[in-house]
Amino acid sequence: IPLAPLPPNTEGQPATAFEIEGDRSIAEPGATTQLTAVVRYADGTTRDVTAQAQWRPLDEGLGVISPGLIRAWSYGQHVVQVTYRDGEGAASVNTGVRVGPGDAFLLRVYVGSYSSATPGARVLVRSPAGTFSGVTDERGFVLLPAVGDTTVEVEGDGFGSMTKSVTVTGDQEISFVQ
């Protein structure tokens, strides 16, 4: 998203793109990935501006440790906004970062009733991708990885416990409603 044209490189070639490079997937919460901010010029040259760019997560699922070094806090699809300013010119781009095992999809689990959520419910997912656990947020949701034949167990104060079996073939949602 260009905010104002970036200045040309030292040879006078105009900037043609501002891009983020690197692996946009993180296997699990707590792990990191290193991204790079690059300005591309008309003559094919590039300039690494990672250290000069501003890196800002747009949700609580990611954190920025240092320029371009991103730490995952929770499973899911998250977004980092990267802005670079050079003199009067500026560019900004939003880039997605997926947190979860590479072979798994994201299973969004809801726990509650039709009229209210159950925050703090414990959720356990067992699938060929592994066993993962989490706690529902204030809206009654938690995102966990899963693939194939999967068992989901839920237990919450005032909710009791329930188990469901599902086949996960893509990102999807499952609800536990009492």
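Scanning the range 4-34 for residues being open to solvent by 60 Å² or more (accessible area, probe 1.4 Å) and of a type in the set (Val, Ile, Thr) gives a total of 3. Within the range 39-76, the only residue that satisfies the criterion of being open to solvent by 60 Å² or more (accessible area, probe 1.4 Å), under 23 Å from PRO145 (Cα atoms) and touching an Asp or Glu at 6+ places or on another chain (Cβ under 9 Å) is TRP73. The number of residues in the range 108-126 being open to solvent by 20 Å² or more (accessible area, probe 1.4 Å) and either of a type in the set (Gly, Ala, Ser) or in a strand (DSSP E or B) (or both) comes to 10. Take the conditions (1) crowded, with 17+ Cβ neighbours inside 10 Å; (2) under 20 Å from GLU28 (Cα atoms); (3) aromatic (Phe, Trp, Tyr); TYR84 misses just one of them, which is (2).
Residues in the range 167-178 that are assigned to a strand (DSSP E or B) and more than 24 Å from the chain's Cα centre (by Cα): PHE176, VAL177.
Residues that are in contact (Cβ under 8 Å) with a residue 60 or more places away in the chain and open to solvent by 40 Å² or more (accessible area, probe 1.4 Å) were ranked within the range 161-176; the one that is farthest from GLY112 (Cα to Cα) is THR169.
A Cβ distance below 8 Å, combined with a sequence gap of six or more or placement on separate chains, defines the contacts here; from the range 31-54, residues that are within 14 Å of PRO7 (Cβ to Cβ) reach residues that are among the aromatic types (Phe, Trp, Tyr) and assigned to a strand (DSSP E or B) in the pairs VAL39/PHE18; VAL39/TYR84; ARG40/PHE18; ARG47/TYR41; VAL49/TYR84; GLN52/TYR84.
Run down GLY96, GLY134 and say which single residue is under 21 Å from THR150 (Cα atoms) and either in a loop (DSSP other than H, G, I, E, B) or touching a residue at least 40 places away in the same chain (Cβ under 8 Å) (or both). Every option except GLY134 fails the conditions.
For residues that are on the phi < 0 side of the Ramachandran plot and in a loop (DSSP other than H, G, I, E, B), scanning just the range 137-160, find the one that is surrounded by the fewest Cβ atoms within 10 Å (Cβ to Cβ). Checking each candidate, the answer is GLU138.
Of all residues in the range 96-107, those being closer than 17 Å to GLY61 by Cα and open to solvent by 50 Å² or more (accessible area, probe 1.4 Å) number 2. Among the residues of the range 1-38, the ones that are out of contact with any Leu (no Cβ under 6 Å at 6 or more places or on another chain), assigned to a strand (DSSP E or B) and more than 30 Å from LEU144 (Cβ to Cβ) come to 9 in all.
The values are calculated or read from the model by the stated rules, or taken from the named source; none is laboratory data. The structure displayed is predicted, hence computed values, not measured ones. Reconstructed Cβ throughout: ideal geometry from the backbone, glycine too, with neighbour counts over all protein chains shown. For the accessible areas, the whole protein counts, side chains as well, though only heavy atoms, and no ligand, DNA or RNA atoms are used. Shrake-Rupley method; radii C 1.70, N 1.55, O 1.52, S 1.80 Å.
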